[in-house]
Amino acid sequence: MGKAAAEDDDGYITDCFVDTGFVDRILSESSSTSIVVGRTGSGKSALVRRIRETHDNVCELVPENLSLGYLADSWLLQFLTENQFDLSVFFQQLWRHVLVVELLRFYEGLDSSQKFSTFTSRINNLFKDQSGKRRAFEYLTKYGGEFWSDTDLRVKHITDEFQRQVELEAGAQIKSIEAKYKRGETIGRHETKELVSKAQKITNSIQMQELAKIIDILDEDIFVNKMKKTVLVIDDLDRQWADDRIRIKLIEALINALPKFRKIRNVKILVAMRDDLLDIVLDQATTAGFQRDKFRDYHTRITWRSDELRDIIDRRVGKLFRQKYTGEVVSLSDLFEDHKGQEDYFTYICERTMMRPRDVISYFNMIVDRCGGRAKITLKDIRSVELDYSKDRRLALVDEWREHIPCVDELISFLGNRKMSATFRLGAVPGDVTDQLATQLYADFAKQSSPLVCYAGEHFEENSERSRFAFLSKVIAYLYRIGAIGIRTQENSATQFSFIAKPSISVEELGPNTWCVVHPMLWQNLARRADIKNIFGGR
């Protein structure tokens, strides 16, 4: 029924795309959304692809084409980072510059020196009586290199220009510092302090006013055609497009740079970002004044209902049968053994997913691979692939979260302890099971600067009921965040899952009477079993 990953699904994704109205909502003039957030497999890349296919003026900025690894190779940036110099302001300015140039290049078609020359002549005439705007535009040509060059060359140009200005400000001593640094020699505190001070001065003066004025120019003088709204999309930030030492700081800087561009009425910048990556960025955020609550106003999470997921499978079933078997219209209903049980069958599958397209498609592909030659699919057929599916989903969960939670596989294994069950009350978890996990994490992950490992270390040292429950509560908060468990505050209350309800929960919200439910997608892998109906509350 097609590939589970959108980027590999050319045969199905366009014909079988289910329009829930999400694209129109985020692109509307009233929408403040700049960042689309979703779990792996929730449809982020499919949405970006849909925007490209259905809108006329879409510019795509590919992170891998930026050559931002060049930043990590700069001895000066390495030196400043090692001496606790906050490069966030420089990174924000870098993003603003890249975005401005990319928008202008796309909108005005600046792909040659001749076109750029014609454009600058028009701008100079337009601003001949407005010195502020003219100076702002001169900044772009000075710091951006050639507009028609590849994006990576412009990144190198502005980075080299920053380093050149620091060198001019620091004078002759910087050559001595550079030589010592490259030889691995110790650099004196006075020299270090002086260079950091000079770099701070340059960072603070890198034409911030000009950059702000350029955004005014884009809004007031360039992007004035309401019928030619431009969308710039950025995807694949989870890939290795920059050195790990600076990648998270660059994403944070991008997030902080985006609000300035909302002023441009006929431009929409959309960043698609994985849920776990956003968690890492927010946890490590260091920019002064960065507020999580304020950030929530600018991002929207992708969620799906069961009827929407069913529509996806219906369309894929129809396409599969048209291509291989018959020209007649075939839907999911025609595949199940009998009409009466069909809804129960699909509900059974949905309850073993995180309510996202990739999970549902993966499950059905396994069924088709194993039972494709049969006239009807039975509940026995669905269950026959569940063990393989459960193993596959656990591996996918570990891959998704390992960067943020290195011990994620050990946490999932905790749910499979023979003294535990598919549903359990927090206060009833055996103490020795919690102690065993704390000891394992403290021994195997002591070098990881993780809050969870710190809790494990505290309990390992204190070994009290208080420290045990504090550690267990943190474990449960992590397992809830990744979607491995749902929680309910009372035995008969509705079960909440992070991919449907709020994405995270604090340890303060958990208590001895909190009930936990292992996600059914993991039951087969963890040898769990329970009789739970309507686990997602009929979503």
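The values are calculated or read from the model by the stated rules, or taken from the named source; none is laboratory data. Values in this document were obtained by computation on a predicted structure and should not be read as measured data. A quick note on method: Cβ atoms are made from the backbone with ideal geometry, for glycine too, and the neighbour counts reach across all protein chains shown.
Worth a mention:
- Only one entry in Ile361, Ile382, Ile367 is in contact with an Asp or Glu (Cβ under 7 Å, 6 or more places away or on another chain) and farther than 18 Å from Phe497 by Cβ, namely Ile367.
- Scanning the stretch 155-169 for residues that are at pLDDT 85 or above and of a type in the set (A, V, I, L, M, F, W, C) turns up Val166, Leu168.
- Qualifying residues in the stretch 475-507 (those that are more than 26 Å from Thr300 (Cα to Cα) and not acidic (Asp, Glu)) - the one nearest to the chain's Cα centre (by Cα): Val475
- The stretch 395-422, residues that are in contact (Cβ under 8 Å) with a residue 60 or more places away in the chain and within 17 Å of Lys447 (Cα to Cα): Glu403, His404, Ile405, Val408
Condition check ((1) out of contact with any Gly (no Cβ under 7 Å at 6 or more places or on another chain); (2) acidic (Asp, Glu); (3) modelled with pLDDT under 85) across all residues:
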site	(1), (2), (3)
Ser67	yes, no, yes
Asp73	yes, yes, yes
Phe79	yes, no, no
Phe85	yes, no, yes
Phe91	yes, no, no
Arg96	yes, no, no
Val100	yes, no, no
Leu110	yes, no, yes
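- Only one of the numbered conditions (1) in a loop (DSSP other than H, G, I, E, B); (2) among the hydrophobic types (A, V, I, L, M, F, W, C); (3) surrounded by fewer than 20 Cβ atoms within 10 Å (Cβ to Cβ) is violated by Phe499, and that is (3).
- Neighbours by Cβ (under 6 Å, 6+ apart or cross-chain): first from the stretch 174-185, free of Cβ contacts under 8 Å to residues at least 40 places away in the same chain; second aliphatic (A, V, I, L, M): Lys180/Ile187
- Criterion: closer than 30 Å to Val196 by Cβ and either surrounded by fewer than 21 Cβ atoms within 10 Å (Cβ to Cβ) or out of contact with any Cys (no Cβ under 7 Å at 6 or more places or on another chain) (or both) - qualifying residue of Leu47, Leu61, Leu77: Leu77
- Any chance Ile13 is farther than 25 Å from Arg481 by Cβ, within 22 Å of the chain's Cα centre (by Cα) and either modelled with pLDDT of 90 or more or in the same structural domain as Gly372 (by TED's automatic domain parsing) (or both): no
- Tally of residues being among the small types (Gly, Ala, Ser) and either touching a Ser or Thr at 6+ places or on another chain (Cβ under 8 Å) or buried (at least 22 other Cβ atoms within 10 Å of the Cβ) (or both) across the stretch 474-496: 4
- Those residues of the stretch 429-445 which are in contact (Cβ under 8 Å) with a residue 12 or more places away in the chain and of a type in the set (Gly, Ala, Ser), in sequence order: Gly431, Ala438
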